[in-house]
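One structure below.
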Amino acid sequence: MTFTDVHTAQGYDDLPRLMSLMTGDEKHGPAATSTLDVVWVLYDRVLRVSPEAVDAPGRDRFLLSKGHGPMAYYAVLAAKGFLPESLLPGFGAYGSPLGHHPDRVLVPGAEISSGSLGHGLPLAVGSALGLRAQGLSGAAVWVLVGDAELDEGSNHEAIAYAGAVGLERLHTVVVDNASATHGRPGGIAARFEAAGWSTATVDGRDHQALYEAYTKPHPGRPHAVVARVEAKV
């Protein structure tokens, strides 16, 4: 199976314009902007998925668990041709498919409906297990969570289980904008490492550093990338 090259769509420099089209009432501004570079590098350089292959069994899966601020996600999907740019001005409006929380039935390319914190990582574990059971060893699963979302206990059950069973095709990106209520001794990466994960901690605005962290070899282990961005204020 081959995937159409999505790198030929609109570029990173066009994302501010696409973001500016979404004038609906967004109550999670920091969440909407903190993920922009993380999501862009994934779709531009890493994920094996395209608008023509959103249902292909062997595609990579991207799950946005941090779904309460989806503007950056919608902008990247539009830039890469998954959804038409004309939908962006209707963001958050009655009848628009682009809601304040993504709906997988309405948003082309969305793997899950999200927004309620603590669901995405457990769903990603289940997705990776299902792909393993089907013998689809080439498909990778990526999930984006926020640092504050890790306060939810369901994530820690998922972290512990994934490490124990060696879900090598599972990848978690934690966008760290210093908004978590509960601190973790040794930092976020230490929690994953304690459960047997491979980890990398990088500047969440540095595209090359993100790419190198995303593609770091991690045989036999799931992989977590902590992407540090400016603190939420």
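State yes or no: is V174 in contact with a His (Cβ under 9 Å, 6 or more places away or on another chain), among the hydrophobic types (A, V, I, L, M, F, W, C) and in contact (Cβ under 8 Å) with a residue 40 or more places away in the chain?
So V174 does not fit the description; no.
Among the residues of the range 34-57, which ones are in a loop (DSSP other than H, G, I, E, B) and more than 14 Å from A227 (Cβ to Cβ)? Break it down into steps so the answer makes sense when it comes.
Within the range 34-57, the subset in a loop (DSSP other than H, G, I, E, B) is 35, 47-50, 54-57.
Of everything in the range 34-57, those that are in a loop (DSSP other than H, G, I, E, B) and more than 14 Å from A227 (Cβ to Cβ) turn out to be L47, R48, V49, S50, V54, D55, A56, P57.
Filtered by the rule that a residue be closer than 18 Å to Y211 by Cβ, modelled with pLDDT of 90 or more and assigned to a helix (DSSP H, G or I), the range 1-33 gives Y12, D13, L15. If you go through the range 130-146 and pick out every residue that is open to solvent by 10 Å² or more (accessible area, probe 1.4 Å) and among the β-branched types (V, I, T), you end up with 0.
Scanning the range 121-169 for residues that are aliphatic (A, V, I, L, M), closer than 14 Å to F192 by Cβ, within 14 Å of the chain's Cα centre (by Cα) and not in a helix (DSSP H, G or I) turns up V143, V145. From the list G109, G120, the lone residue that is on the phi > 0 side of the Ramachandran plot and touching a helix residue (DSSP H, G or I) at 6+ places or on another chain (Cβ under 9 Å) is G109.
Please work out if L36 is open to solvent by less than 30 Å² (accessible area, probe 1.4 Å), in contact with a strand residue (DSSP E or B) (Cβ under 8 Å, 6 or more places away or on another chain) and not acidic (D, E). No: the conditions fail for L36. Scan E111, E149, E52 and give me the residue that is surrounded by fewer than 20 Cβ atoms within 10 Å (Cβ to Cβ) and charged (D, E, K, R). That would be E52, the only listed residue that is surrounded by fewer than 20 Cβ atoms within 10 Å (Cβ to Cβ) and charged (D, E, K, R). Counting only residues that are out of contact with any strand residue (DSSP E or B) (no Cβ under 7 Å at 6 or more places or on another chain) and either in a strand (DSSP E or B) or at pLDDT 95 or above (or both), which one in the range 58-73 is surrounded by the most Cβ atoms within 10 Å (Cβ to Cβ)? Filtering first and then ranking leaves R59. Scanning the range 170-192 for residues that are crowded, with 17+ Cβ neighbours inside 10 Å, in a helix (DSSP H, G or I) and out of contact with any Asp or Glu (no Cβ under 7 Å at 6 or more places or on another chain) turns up A189, R191, F192.
Out of L167, L121, one residue alone is modelled with pLDDT of 95 or more, open to solvent by less than 30 Å² (accessible area, probe 1.4 Å) and over 20 Å from A72 (Cα atoms). It is L167. When A227, A162, A213 are checked against the criterion of being surrounded by 21 or more Cβ atoms within 10 Å (Cβ to Cβ), free of Cβ contacts under 8 Å to residues at least 24 places away in the same chain and small (G, A, S), A213 stands alone in meeting it.
Taken as a whole, the structure leaves S127 outside the set of residues that are in contact with an Asp or Glu (Cβ under 6 Å, 6 or more places away or on another chain) and either open to solvent by 10 Å² or more (accessible area, probe 1.4 Å) or among the hydroxyl-bearing types (S, T, Y) (or both).
From the set of residues in the range 74-95 that are within 19 Å of R17 (Cβ to Cβ) and among the hydroxyl-bearing types (S, T, Y), which is least open to solvent (accessible area, probe 1.4 Å)? Please lay out each step first, then the result.
Quick first cut of the range 74-95, residues within 19 Å of R17 (Cβ to Cβ) only: 74-92.
If we keep only those that are among the hydroxyl-bearing types (S, T, Y) too, we end up with 74, 86.
Numbers: Y74: 0, S86: 95 Å².
Looking at residues that are within 19 Å of R17 (Cβ to Cβ) and among the hydroxyl-bearing types (S, T, Y), I get Y74.
The values are calculated or read from the model by the stated rules, or taken from the named source; none is laboratory data. What you see is a predicted model; the values in this text were computed from it and never measured. In this analysis, Cβ positions are derived from the backbone assuming ideal geometry, glycine residues included, and neighbour counts consider all displayed protein chains. Just the protein is used for accessible areas: all its heavy atoms, side chains included, with ligands, DNA and RNA removed. Shrake-Rupley method; radii C 1.70, N 1.55, O 1.52, S 1.80 Å.
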